[in-house]
Amino acid sequence: MGNAQNRKILNLPNYDRQTIHFGFLLGVNSLDFVTKPVKDIRILDSLNVIQNFSGAGFTLGIIANLHMGDNFDLRFLPTLSFGERRLTYTINYKTFDSLVTRNKPVESTLLEFPLLLKFKSSRHTNFRTYVLGGVKPMIDLASQNKVDDQGEKILKLKRNDLAFEIGMGFDFYSQYFKFTPEIKMAYGLSNLLVQEGNIFTGGLDALRSKAFYFSITFE
C-alpha cells in the first residue's frame, strides 16, 4: 500500500511516440561580436584599441520536432531575436594630444532558422536530459548595409549570416505539456563587416557574430 502511494505517476506516457509535434519558445539572449583586428591597428588618427561588448535582448519562436528514434529528434525552430551589441574605439588624436572613446552600437533584429539534431537520454519518470547541435542561417532585418551615411559614420553589417549552434537542456513532463529550460551558444561563420575604409572599419580584418541564449520551451 505504501509503495503504491509513493510510486511516481508517469505524465504523458505516449508523448514520445508522436512522429511530429509542435511548440513555442520564449527566452533571453546576449548578442556579441568576435573581432579580428588587422595586424597593425594604428591607422588614420592612431586607433589604439577596439573592444566589443554584448547586450541583452529577447527571443521568441516556434518549434517543429521530428521524432527519429528513442534517442534522436530533428528540430526546426524559426525564431525572432532582438538585441544590441557594441564596439568601442579608443582613438589617439595626436593633433589634440588626447584619447577619445567612440561607441558604435549595432541593433539587430534576427530572423533565425536553426536546424538541430537533438540527442536525448533515456526518460527517467518525468525527466530527461539532452544535448543538441546544428546549423543556423540568419537574416538581420535591421541591417543598414546599404544606408548612405553622409554624416556620422555607422557600423554596417551584412544582412545574411550562417552560424553553428550547440546547447543542452532538461525535459520535464507535466500533466498536460512538456516544458524545457535550455541554454545554447551560436558562433557565426561569416565575416559580417562591410568594409568602407574609414577608421571604424579599417582597423578590422573580420567581424563575426557570437550569441548566448536561455529559453523555456513549451511543447
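When LYS158, LYS184 are screened for being modelled with pLDDT of 95 or more and within 19 Å of the chain's Cα centre (by Cα), only LYS184 passes.
When GLN195 is tested against the conditions (1) in contact (Cβ under 8 Å) with a residue 12 or more places away in the chain; (2) touching a Ser or Thr at 6+ places or on another chain (Cβ under 9 Å); (3) among the polar types (S, T, N, Q), the lone failure is (1). The condition of being surrounded by 12 or more Cβ atoms within 10 Å (Cβ to Cβ) and either at positive phi or at pLDDT below 90 (or both) holds for only one of LEU12, LEU60, that being LEU12.
Results for (1) surrounded by fewer than 16 Cβ atoms within 10 Å (Cβ to Cβ); (2) under 18 Å from PRO114 (Cβ atoms), shown as yes or no for each residue.
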site	(1), (2)
ILE166	yes, yes
PHE170	yes, no
ALA211	no, yes
GLU219	no, yes
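Rundown of residues vs (1) within 19 Å of PRO105 (Cα to Cα); (2) surrounded by 14 or more Cβ atoms within 10 Å (Cβ to Cβ), yes/no style:
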{"residue": "ARG128", "(1), (2)": "no, yes"}
{"residue": "ASP140", "(1), (2)": "yes, yes"}
{"residue": "GLN144", "(1), (2)": "yes, yes"}
{"residue": "SER174", "(1), (2)": "no, no"}
{"residue": "SER190", "(1), (2)": "no, yes"}
{"residue": "LEU193", "(1), (2)": "yes, yes"}
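Is there a residue in the range 153-170 that is over 23 Å from ASP32 (Cα atoms), outside any loop (DSSP other than H, G, I, E, B) and in contact (Cβ under 8 Å) with a residue 24 or more places away in the chain?
yes
Residues in the range 73-90 that are closer than 22 Å to PHE218 by Cβ, surrounded by 14 or more Cβ atoms within 10 Å (Cβ to Cβ) and over 12 Å from the mean Cα position of the chain (by Cα): ASP73, LEU74, ARG75, PHE76, LEU77. Taking the range 56-146 as the region of interest, the strands (runs of 3 or more DSSP E) fully inside it that hold 2 or more residues being among the aromatic types (Phe, Trp, Tyr) are 72-76, 79-93, 127-140. Kindly indicate whether LEU111 is under 22 Å from LEU80 (Cβ atoms), modelled with pLDDT of 95 or more, among the aliphatic types (A, V, I, L, M) and in contact with a Phe, Trp or Tyr (Cβ under 8 Å, 6 or more places away or on another chain). Judged against the criteria, LEU111 is not a match.
The values are calculated or read from the model by the stated rules, or taken from the named source; none is laboratory data. All values reported here derive from a predicted model rather than from experimental measurement. Cβ sites come from the backbone with ideal geometry, for glycine too, and all protein chains shown count toward neighbours.
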